[in-house]
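The values are calculated or read from the model by the stated rules, or taken from the named source; none is laboratory data. For clarity, every value in this text was computed on a predicted model and none was experimentally measured. As a convention, Cβ positions derive from the backbone with ideal geometry for all residues, glycine included, and neighbour counts pool all protein chains shown. When the accessible area is computed, the model is the full protein with side chains, heavy atoms only, and any ligands, DNA or RNA have been set aside. Shrake-Rupley method; radii C 1.70, N 1.55, O 1.52, S 1.80 Å.
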Amino acid sequence: MKRLFPRSLIGQMALLIGGALLIAQLVNFALILNERQKLSLAQNQGPAITRFAAVASDFGQAPAEFRTAVLEDSSRRGARFSLDRQSAVPESAGREGAIETRVAQALAANGVRAAEVRAAFGGELRPDPAPRAARPHRSPGGPVLVISARIGAGAWLNGRLVTPRPDPWLTVRLAAATLLLYLIVLGATLFIATRLARPLRDLAGAAERFGGRGEPISVTPRGPGDLRRAIDAFNAMNRRVVTLLDEKDRMLGAIGHDLRTPLASLRIRAEGVEPEAERTRIVATIEEMNAMLEDILVLARSGRDREEQRAVDVTALVDALVEEYRELGRDVSLDEDAVRQVLDVRPNLLRRAVRNLIDNAVKYGGSARVSVLRSDAALEIAIRDAGPGIAEDRLAAVLEPFARLEESRSRDTGGSGLGLAIARAAAEAHGGTLRLANAPEGGLVATLALPA
């Protein structure tokens with residue numbers, strides 16, 4: 001069920017409000033239809049009941065010699081009356097109790113005392129065998145209401161009266177009106193939901209696209225006042241964030257410049273230190289500080305890298321890195337089936353990321369097997385080593401800055417803990433990802449995926 005439930009604001013509002021409105025409209029339609037049908041029946045049956053009661057009153061007040069004439073004179077215009085010894089409505093017929101009650105009340109109102117009243121629908125209005133009624137009284141098409149009232153000992157006043165045909169379009173008109181009202185209210189709801197959803201969608205898209213690089217993304221305020229204020233606040237926040245990042249870059253540049261100068265001075269002074277073993281250790285420490293400083297600056301600036309993107313053959317870039325390591329005597333190779341793909345990338349940043357991954361593979365696994373593959377809409381650069389791998393619960397942790405599996409603080413054995421963090425930041429700067437996984441046959445596989 002959760003898969004069928006819409007995720008968007010418009011979809012959820014349409015489903016919830018539309019469903020509630022539909023149920024309310026169906027209940028309202030049923031109630032109105034029932035009342036209209038009752039009213040229609042009352043309007044259709046009322047004249048026939050009133051006419052029967054009037055004929056019964058005239059019949060009871062007329063002298064005996066004129067009673068037959070009263071019945072004959074009333075048997076016209078869709079009605080026929082007769083005085084019989086039996087009721088025209090059998091006792092076992094499908095009688096209409098509500099109509100019988102109304103007939104009894106109408107007779108009482110006209111001063112007619114009836115011992116029993118029967119009423120039912122059925123049959124057709126047949127011609128009276130009397131000469132006056134030789135012409136058939138044809139029904140105008142509506143149902144015939146048969147009413148019988150016992151007004152004397154063994155005497156039944158029977159009347160067959162044509163009632164108007166029920167409105168065949170009553171249900172259709174009510175259904176059309178209900179549907180029209182439903183569509184109007186639902187349309188207004190969707191219109192309001194759309195006015196709310198579009199600015200929110202623009203806001204979410206701008207937040208997703210904002211990576212702290214370049215100019216701040218501005219969203220045009222629109223929609224209700226509350227949303228406009230939220231968009232204005234987002235635009236102001238974007239500008240403040242970009243300003244802070246620019247200040248951070250300038251600060252890092254100043255720190256890097258100020259630190260490199262005394263380190264260079266220390267390096268020159270260290271050249272004159274004796275004995276040689278002590279000099280070597282001091283120079284190595286200075287070089288380690290320089291390398292760590294460079295790593296920190298690269299990581300800090302990776303999200304705000306000013307390098308322009310340009311079209312580069314990624315496979316050729318990786319192949320050149322592999323050749324550099326092979327020339328240094330390292331066990332690094334590129335799969336022969338590596339695909340060729342040209343992408344818009346920042347070459348120096350991508351080269352630094354791939355170099356860090358290969359360095360880790362060679363340092364901790366002894367070798368590196370590099371492959372370039374296409375997967376869905378991404379180009380994947382995978383580096384596999386032959387080492388022991390990483391515990392599953394530490395795979396995510398080692399991607400964080402300064403995370404080290406080797407607890408010593410020596411750069412030779414544990415590194416600075418920034419290599420994987422720099423590679424991940426470089427991947428994210430390109431809109432991609434960096435994944436680590438232990439291979440089934442052993443070793444660690446680092447996959448840098450770039451959107452193709």
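Can you tell me which of V241, V273 is assigned to a helix (DSSP H, G or I) and either open to solvent by less than 80 Å² (accessible area, probe 1.4 Å) or basic (K, R) (or both)?
Of V241, V273, the one residue that is assigned to a helix (DSSP H, G or I) and either open to solvent by less than 80 Å² (accessible area, probe 1.4 Å) or basic (K, R) (or both) is V241.
Does A54 satisfy being open to solvent by 60 Å² or more (accessible area, probe 1.4 Å), modelled with pLDDT of 90 or more and farther than 30 Å from V172 by Cα?
No; evaluated as a whole, the condition is false for this residue.
Any chance segment 31-42 includes a residue that's closer than 23 Å to L180 by Cα and at pLDDT 80 or above?
yes
Conditions tested, residue by residue: (1) within 60 Å of the chain's Cα centre (by Cα); (2) modelled with pLDDT of 85 or more; (3) among the hydrophobic types (A, V, I, L, M, F, W, C).
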position	(1), (2), (3)
A64	no, no, yes
R76	no, no, no
Q86	no, yes, no
A109	no, yes, yes
A130	no, no, yes
I151	no, yes, yes
G159	no, yes, no
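Under 6 Å by Cβ, and 6 or more places apart or on different chains, what pairs join a residue from segment 58-83 that is touching a residue at least 40 places away in the same chain (Cβ under 8 Å) with one that is assigned to a loop (DSSP other than H, G, I, E, B) and of a type in the set (S, T, N, Q)?
Partner pairs satisfying both residue conditions: F81/S75.
Can Q45 be described as crowded, with 20+ Cβ neighbours inside 10 Å and over 16 Å from R150 (Cβ atoms)? Break it down stepwise before answering.
Numbers: crowded, with 20+ Cβ neighbours inside 10 Å: yes; over 16 Å from R150 (Cβ atoms): yes.
Yes.
Against the conditions (1) open to solvent by 20 Å² or more (accessible area, probe 1.4 Å); (2) within 22 Å of R76 (Cα to Cα), where does N158 fall short? Just the number, please.
(1)
Give the residue that is farthest from the chain's Cα centre (by Cα), with candidates limited to residues of segment 257-286 that are farther than 20 Å from L297 by Cα and acidic (D, E).
Top of the filtered list is E274.
Where the second residue is of a type in the set (A, V, I, L, M) and open to solvent by 80 Å² or more (accessible area, probe 1.4 Å) and the first is at negative phi and lies in segment 270-292, which pairs have Cβ atoms under 7 Å and are six or more apart or on separate chains?
I286/L266
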